[in-house]
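See below for the structure under consideration.
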Amino acid sequence: MKYFLAVDIGATSARHILAHYEGRDLKLEEIHRFKTPLVQEGDGHCHWDVDGLFSEILTGMKKAKEAGKIPSSMGIDCFGVDYALLDEKDERIGLVTSYRDVRTFQAQKEFMTPEGLFLSTGVYPQNFDSAYQLYCDKASGKLHRAKTLMMLPSYLCYLLTGKKQNELSSLSTSALLDARTRKPCQEVFSALGIEESLLAPMVVAGDCLGKLLPSIQKEVGFDCEVYATLEHDTAAAFFASGAEKGEALLSSGTWSLLGCLLANPIITEKAYKAGFTNELSRPGEVRFLQNIMGMWIINRLKDELQIASFGEITSSAAASSSYQGVFDVTDGRLSNPSSMKECVESLLVEKGNSLPSTRGELFYSVYHSLALGYKTALENMERLTGEKIVGIRVFGGGVNAEILNSLTEQITGLPVKRGPSEATAIGNLLCFAR
């Protein structure tokens, strides 16, 4: 039997999904799961333990070998915007800083104007964008030694194969490309004072990157082909969503990515003011969407309050629907506060709400606020695209949060169809599993 391996790395957890075909059906099996290793350094600074992350990737590959299910091919998807820098000897320069690091807040005030960045690239300016991160790396001197930039999933594939590359969907999150031309944005590189040659060559999903390096073959006990999949997790999830014409797509995970697929980007002042972004996917396909804070808020509260299960969270929230306090789920302060509970409570009070008296009320306020955020985004999307939305297709891990799905139906007045919770892994696999 022929097996395929998807390494799906989310911002909070990651897993290895092994797949095979039974007839025309793709059957999935999770063989390894681990927490994505975010290192909090203090004072709001944080980075990814990339060496630990890569070690976990190899561990999952070894588990496939131990199970007697050696994959013939594999691909990696990951969150966007973060990258690795290599020097002239192809050695990584320092740490891979996390997009949740506070360093970029000042950069957002100093580098270009937010509207100018959007009109040049089509990417809605967020403090964590790669362009702002590069501005910080240049100011610190880190960028001076850099010869190559690879987005994080592309870098992880490089560690497996030795081939330098940047897959389009992942690179398109960076605010370094012009979404209209799919080429490096001259205005951004000129403002940064760096050469476009810093970017490793661009590839598209489905390109074979090669076999495993001999050292990797020796460690995991087999060889296989590594493919550039849709390396940005949202691109992979949208690809596998199963959405029908007229349905909005909602990738529900650490982030809630709500949008639609278009043939061409919408790069206008109205789109900028509404907070929409244009990300690239497969040839001729643009993900026009809004980034809304999603399960990250729930996950952080769960850890902070030491709650054992999501079932406890959803049941307590469902029993607390009389509490009507809501807040803006797009507020940047939710990105990585030292206390998510205190941050949510502060935002609630700012809106004139009383404080939640129970944990159930606290969680209900999050789900309620997310549903309201979806409603606003949908209204703006209809206005910007001129297309009527007839329903919502939700997929990803958040599809299991039925209280959120129900609230979304009630508040938007639209039917919510539940797509695959494993949409990201499926979209990853569909790019090369054949």
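The values are calculated or read from the model by the stated rules, or taken from the named source; none is laboratory data. Predicted model only: the values in this text are computed from it and were never measured. Heads up, the Cβs are rebuilt from the backbone with ideal geometry, glycines too, and the neighbour counts pull from every protein chain shown. For accessibility, only protein heavy atoms count, side chains too; no ligands or nucleic acids. Shrake-Rupley method; radii C 1.70, N 1.55, O 1.52, S 1.80 Å.
Collect the residues in segment 408-421 that are assigned to a helix (DSSP H, G or I), more than 22 Å from Thr12 (Cβ to Cβ) and open to solvent by less than 50 Å² (accessible area, probe 1.4 Å), keeping them in residue-number order.
Scanning segment 408-421 gives Ile411, Thr412.
Given the conditions (1) more than 15 Å from Leu404 (Cα to Cα); (2) surrounded by 14 or more Cβ atoms within 10 Å (Cβ to Cβ), report the number of the one that Thr358 does not fulfil.
(2)
Could you give me the residue pairs with C-beta distances under 6 Å whose first residue belongs to segment 214-237 and is free of Cβ contacts under 8 Å to residues at least 24 places away in the same chain, whose second residue is open to solvent by 10 Å² or more (accessible area, probe 1.4 Å) and among the basic types (Lys, Arg) wherever it lies, and which are 6+ apart or on separate chains?
Asp223/Lys211
Return the only residue of Thr181, Thr234 being among the β-branched types (Val, Ile, Thr) and within 16 Å of the chain's Cα centre (by Cα).
Result: Thr234 is the single residue among Thr181, Thr234 that is among the β-branched types (Val, Ile, Thr) and within 16 Å of the chain's Cα centre (by Cα).
For segment 319-336, give me each residue that is open to solvent by 20 Å² or more (accessible area, probe 1.4 Å) and either at pLDDT below 95 or within 30 Å of Asp178 (Cα to Cα) (or both).
If the condition is that a residue be open to solvent by 20 Å² or more (accessible area, probe 1.4 Å) and either at pLDDT below 95 or within 30 Å of Asp178 (Cα to Cα) (or both), then Asp328, Thr330, Asp331, Gly332, Arg333, Asn336 are the ones that fit.
Out of everything in segment 380-401 that is at pLDDT 95 or above, open to solvent by 10 Å² or more (accessible area, probe 1.4 Å) and among the hydrophobic types (A, V, I, L, M, F, W, C), what residue ends up being farthest from Ala319 (Cα to Cα)?
Across segment 380-401, the extreme among qualifying residues is Leu384.
Kindly indicate which of Gly162, Gly206, Gly193, Gly210 is within 30 Å of Thr268 (Cα to Cα), open to solvent by 10 Å² or more (accessible area, probe 1.4 Å) and touching a residue at least 40 places away in the same chain (Cβ under 8 Å).
Selected residue: Gly193, the only one of Gly162, Gly206, Gly193, Gly210 that is within 30 Å of Thr268 (Cα to Cα), open to solvent by 10 Å² or more (accessible area, probe 1.4 Å) and touching a residue at least 40 places away in the same chain (Cβ under 8 Å).
Against the definition (among the aromatic types (Phe, Trp, Tyr), at pLDDT below 95 and open to solvent by 30 Å² or more (accessible area, probe 1.4 Å)), how does Trp296 come out, yes or no?
For Trp296, the condition - among the aromatic types (Phe, Trp, Tyr), at pLDDT below 95 and open to solvent by 30 Å² or more (accessible area, probe 1.4 Å) - is not met.
Among the residues of segment 19-36, which ones are among the small types (Gly, Ala, Ser) and surrounded by 13 or more Cβ atoms within 10 Å (Cβ to Cβ)?
Ala19
Name every residue in segment 110-119 that is open to solvent by 20 Å² or more (accessible area, probe 1.4 Å) and either closer than 14 Å to Leu176 by Cβ or part of a helix (DSSP H, G or I) (or both), in order of residue number.
Correct list: Glu110, Met112, Pro114, Glu115, Gly116, Leu119.
Modelled with pLDDT of 95 or more, of a type outside the set (D, E, K, R) and under 20 Å from the mean Cα position of the chain (by Cα): is that true of Ala377 in this structure?
yes
Please name all residue pairs, on different chains or six or more residues apart, with Cβ atoms under 9 Å, provided the first residue is in segment 405-433 and is touching a residue at least 60 places away in the same chain (Cβ under 8 Å) and the second residue is in a loop (DSSP other than H, G, I, E, B) and among the charged types (D, E, K, R).
From segment 405-433, the pairs are Lys417/Glu244; Asn428/Glu231; Cys431/Arg282; Ala433/Lys2.
Find the residue count for segment 215-265, including only residues that are assigned to a strand (DSSP E or B) and of a type outside the set (S, T, N, Q).
15
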